[in-house]
Structures are given as structure tokens and as C-alpha cells.
Amino acid sequence: MKTKISMKPIVKWLRELSVVVTGIALTFGIGFLVNTKNNKEDLKQYLNALKMEMEQNAEEFDYQAQMFNKSVRYADYLKSINYTSPDKDSLAYYAVSAFSDNLDADGVGFGYMLISHPISSMTNAFEMFKVSGAMRQMKDKELLMIIWRTYTEMELAKSGVLDNYKVKEEEAIKEMQLKVDGIPIDVPMKRFYSTDLPQSMKRKCMNTAIMLKETISELEKAL
């Protein structure tokens, strides 16, 4: 009887302890589940933002690639006449920059003297994604690497086009000075358009647009 009586407080204490431990475990468990759910929702929102940003960037690079068509045609035209004096009508056609929503229209594209037209790509969503800590939540590390590589290639293409514009600008400035000095120019921008730089500028934009669209497709699968 004495043994049974002395055990009652201990049993009562153990019961109370088990209730407290169970309550703590449930609290942490529920908190963990809620936190996990919130993290998943946050990650989904960041991936959706990346997808929307890439879609806009893909449109921009697509537009730039198509607008370079006229520059490429001018380079091909000069090559076809062996870099001799161009026909005046042809020269006037290739000199004019024409902008339109209908990029297939004849005459639409950058004129051969255009020296500055920055690519309006965006990286705001990607920058937010990097500092948010959401990257650590991504289980698909391959998709994460694809996203990083896409934005890296996008910036490389953008800087590459800008570098090519600088080469074009140098020649344009020289030609403008020659005109001021009254020195005639038989083939405008001959040095620039005798290289593969016009084709390279178009190719950089076109390949970047393709890469962006492929990454968008991967994001859609993940979402």
C-alpha cells in the first residue's frame, strides 16, 4: 500500500509532462508544416515572377534580333556588289531606320548608321530571387542552374551587342568627320559591314531569345 501510494504523484507528474511534451511537439509540428507551406508558396511566387520577367525579355531579344535584319541585308548587299559604290536608291533604303509592330514588313529595321539602341532587358525579379533565400528551397538544382545560366547568357549577349555598337560608333564618327571635311564616302560604313559583326549582333539576340523561351518552358513544368 505504501509503495502504491508513493507512486501516485510520480504517475501524475509523468502524465502532466507527457501532455506538455505532446503539446510542444504538436505546436512545433504545426508550425513546421505552416512554415513549409508558406515557403512553398513564396517559392512559387518567385518562380512565377521569373517566368513573367523572362517572357518580357524573350520578346525584347526577339524584337532586337528581327530589327537587325536590315543591317544584315545591308551587309549582304555590299558583299553582292563587291563593296563598290551602292545604288542611291538602295543606299537610301538601308540608311533609314523603320520601326513597326509588323516586323516582317519591307523596310523595317535599323538603318546602317544607327549607333545606339540599348536592349531593354530586365533582371529585377532575378535579383529579388537571389537575395530572398528562396534558392535554398529549390529541390530541382538543375532548374536552378538553368535559371542562373539563362540570366548570365542574357547579360553576356547584351554586353556583346553593346561592344559591337562601340565598334560601329567609332567608324560612324570617323565618317561624319570626313563629311564635315568635304571628303566623299563611296561605301558608307564599309569597314563595319565587311565584318561579321552585324550577323553576330542578330545571332546573339536570336539565341538569347531561344534560350529564354526554353527556360520558360522548364519553369512552366516546375510550376
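The values are calculated or read from the model by the stated rules, or taken from the named source; none is laboratory data. None of these values were measured; they are calculated from a predicted model. For neighbour counting, all protein chains shown are included, and Cβ atoms are generated from backbone atoms with ideal geometry for every residue, glycine included.
Within the range 140-158, the set of residues being touching a helix residue (DSSP H, G or I) at 6+ places or on another chain (Cβ under 8 Å), modelled with pLDDT of 95 or more and among the acidic types (Asp, Glu) comprises GLU153 only.
Does GLY182 fit the bill of being surrounded by fewer than 19 Cβ atoms within 10 Å (Cβ to Cβ) and assigned to a helix (DSSP H, G or I)? Considered against the rule, which asks whether it is surrounded by fewer than 19 Cβ atoms within 10 Å (Cβ to Cβ) and assigned to a helix (DSSP H, G or I), GLY182 comes out as no. When ALA92, ALA98, ALA75, ALA105 are checked against the criterion of being buried (at least 17 other Cβ atoms within 10 Å of the Cβ) and at negative phi, a single residue qualifies: ALA75.
Might you check whether a residue that is of a type in the set (A, V, I, L, M, F, W, C) and more than 24 Å from MET206 (Cβ to Cβ) occurs anywhere in the range 149-171?
First pass over the range 149-171, keeping only residues of a type in the set (A, V, I, L, M, F, W, C): 154, 156-157, 161-162, 167.
Still in the running and more than 24 Å from MET206 (Cβ to Cβ): none.
No, the range 149-171 contains no residue that is of a type in the set (A, V, I, L, M, F, W, C) and more than 24 Å from MET206 (Cβ to Cβ).
Yes/no per residue for (1) under 22 Å from the mean Cα position of the chain (by Cα); (2) outside any helix (DSSP H, G or I); (3) at positive phi; (4) surrounded by fewer than 17 Cβ atoms within 10 Å (Cβ to Cβ):
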{"site": "LEU114", "(1), (2), (3), (4)": "no, yes, no, no"}
{"site": "VAL131", "(1), (2), (3), (4)": "yes, no, no, yes"}
{"site": "MET135", "(1), (2), (3), (4)": "yes, no, no, yes"}
{"site": "LEU143", "(1), (2), (3), (4)": "yes, no, no, yes"}
{"site": "ALA157", "(1), (2), (3), (4)": "yes, no, no, no"}
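Applying the criterion of being at pLDDT 90 or above and part of a loop (DSSP other than H, G, I, E, B) to the residues of the range 99-112, the residue that is farthest from ALA172 (Cα to Cα) is PHE110.
One line per residue, one yes/no per condition, for (1) free of Cβ contacts under 8 Å to residues at least 40 places away in the same chain; (2) touching a helix residue (DSSP H, G or I) at 6+ places or on another chain (Cβ under 7 Å); (3) closer than 19 Å to GLU59 by Cβ; (4) charged (D, E, K, R):
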{"position": "GLY160", "(1), (2), (3), (4)": "no, yes, no, no"}
{"position": "GLU169", "(1), (2), (3), (4)": "no, no, no, yes"}
{"position": "ALA172", "(1), (2), (3), (4)": "no, no, no, no"}
{"position": "LYS179", "(1), (2), (3), (4)": "yes, no, no, yes"}
{"position": "ASP186", "(1), (2), (3), (4)": "no, no, no, yes"}
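Filtered by the rule that a residue be surrounded by 11 or more Cβ atoms within 10 Å (Cβ to Cβ) and assigned to a loop (DSSP other than H, G, I, E, B), the range 116-129 gives HIS117, ILE119, SER120, SER121, MET122, THR123.
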